[in-house]
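Below is one structure, written out as structure tokens; comments come after it.
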Amino acid sequence: MLFVTSDIAKHRELEKAKEDFVSRVSPHLKGPTIGIQDSLVILLNQTAGELNEEQKRLLHQAKESSEYLLKSLEQILMLKEVKKGQIPLNLTQFELASLIESCLTDFERLAKEKRISLKKELPERFLEVRADKEKIEFVLTNILGNAFKATAKGGMVSIKSGIYPDEQQRPTDFAL
């Protein structure tokens, strides 16, 4: 019993140290990441000189990677807020399918590498929702990330959205 209690205490101590480290480091990484993005935009706009096609391709990859890094840092900071129980909501109206499409583009490279096919069932008409777009994007990115990680090579990830029906299968004001 003493051994188990000691292990739990060590685990909690390590978890606290990890959270403290992430909380301290994440905000300091945002500034340099934004600086890198700004420099990449200048290079891509060819303000600093002409680029050949291979250089453009590599700079576009670097820009995508820096955008992914910035998004990841923002998600880490958001998790910190969630753990504190302080989640401010910024409600806006936006089109859900386009947000889903945007989130999916972040996983295109991973899907190609793992030869994962993607099945999408998105509404043909616009499905506007009123929610915190950033938080919904955070949730979608995490769900998709887990789906792509858990799917074996050659597998399939499926995503669907639409209007949530009530008990009698009538449309409601809720998105699925």
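Filtering Leu99, Leu110, Leu104 for residues that are over 17 Å from Phe148 (Cβ atoms) and not in a strand (DSSP E or B) leaves a single hit, Leu99.
Okay, residues lined up against (1) more than 19 Å from Ile163 (Cα to Cα); (2) of a type outside the set (Lys, Arg); (3) in contact (Cβ under 8 Å) with a residue 40 or more places away in the chain:
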| position | (1), (2), (3) |
| --- | --- |
| Ser66 | yes, yes, no |
| Lys71 | yes, no, yes |
| Lys80 | yes, no, yes |
| Glu95 | no, yes, no |
| Glu101 | no, yes, no |
| Arg115 | yes, no, no |
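Determine whether segment 132-150 contains at least one residue that is within 24 Å of Lys18 (Cβ to Cβ), of a type in the set (A, V, I, L, M) and modelled with pLDDT under 75. No: segment 132-150 contains no residue that is within 24 Å of Lys18 (Cβ to Cβ), of a type in the set (A, V, I, L, M) and modelled with pLDDT under 75. Among the residues of segment 44-69, those identified as part of a helix (DSSP H, G or I) and loosely packed, with under 10 Cβ neighbours inside 10 Å are Glu53, Glu54.
Restricting the search to segment 127-141, which residues are touching a residue at least 12 places away in the same chain (Cβ under 8 Å) and either within 15 Å of Ser102 (Cβ to Cβ) or surrounded by 13 or more Cβ atoms within 10 Å (Cβ to Cβ) (or both)?
In the first step, residues of segment 127-141 are kept if they are touching a residue at least 12 places away in the same chain (Cβ under 8 Å); the result is 127-138, 140-141.
Once the filter is applied, which keeps residues that are touching a residue at least 12 places away in the same chain (Cβ under 8 Å) and either within 15 Å of Ser102 (Cβ to Cβ) or surrounded by 13 or more Cβ atoms within 10 Å (Cβ to Cβ) (or both), segment 127-141 yields Leu127, Val129, Ala131, Asp132, Lys133, Glu134, Lys135, Ile136, Glu137, Phe138, Leu140, Thr141.
Is it true that some residue in segment 83-99 is under 21 Å from Phe138 (Cβ atoms), of a type in the set (Phe, Trp, Tyr) and open to solvent by less than 80 Å² (accessible area, probe 1.4 Å)? Full working, then the answer.
From segment 83-99, those under 21 Å from Phe138 (Cβ atoms) are 83-99; that's our starting set.
With of a type in the set (Phe, Trp, Tyr) added as a condition, the list becomes 94.
Right, trim to open to solvent by less than 80 Å² (accessible area, probe 1.4 Å) and you get 94.
Within segment 83-99, one or more residues are under 21 Å from Phe138 (Cβ atoms), of a type in the set (Phe, Trp, Tyr) and open to solvent by less than 80 Å² (accessible area, probe 1.4 Å).
Kindly evaluate Ser117 against the criterion of being closer than 27 Å to Tyr68 by Cα, over 17 Å from the mean Cα position of the chain (by Cα), modelled with pLDDT under 85 and not hydrophobic (A, V, I, L, M, F, W, C).
On the way: closer than 27 Å to Tyr68 by Cα: yes; over 17 Å from the mean Cα position of the chain (by Cα): yes; modelled with pLDDT under 85: no; not hydrophobic (A, V, I, L, M, F, W, C): yes.
No: the conditions fail for Ser117.
The values are calculated or read from the model by the stated rules, or taken from the named source; none is laboratory data. Please read these numbers as outputs of a predicted model, since none were measured by experiment. All Cβ positions, glycine included, derive from the backbone under ideal geometry; neighbour counts span all protein chains shown. Keep in mind that these areas ignore ligands, DNA and RNA; they rest on the heavy atoms of the full protein, side chains included. Shrake-Rupley method; radii C 1.70, N 1.55, O 1.52, S 1.80 Å.
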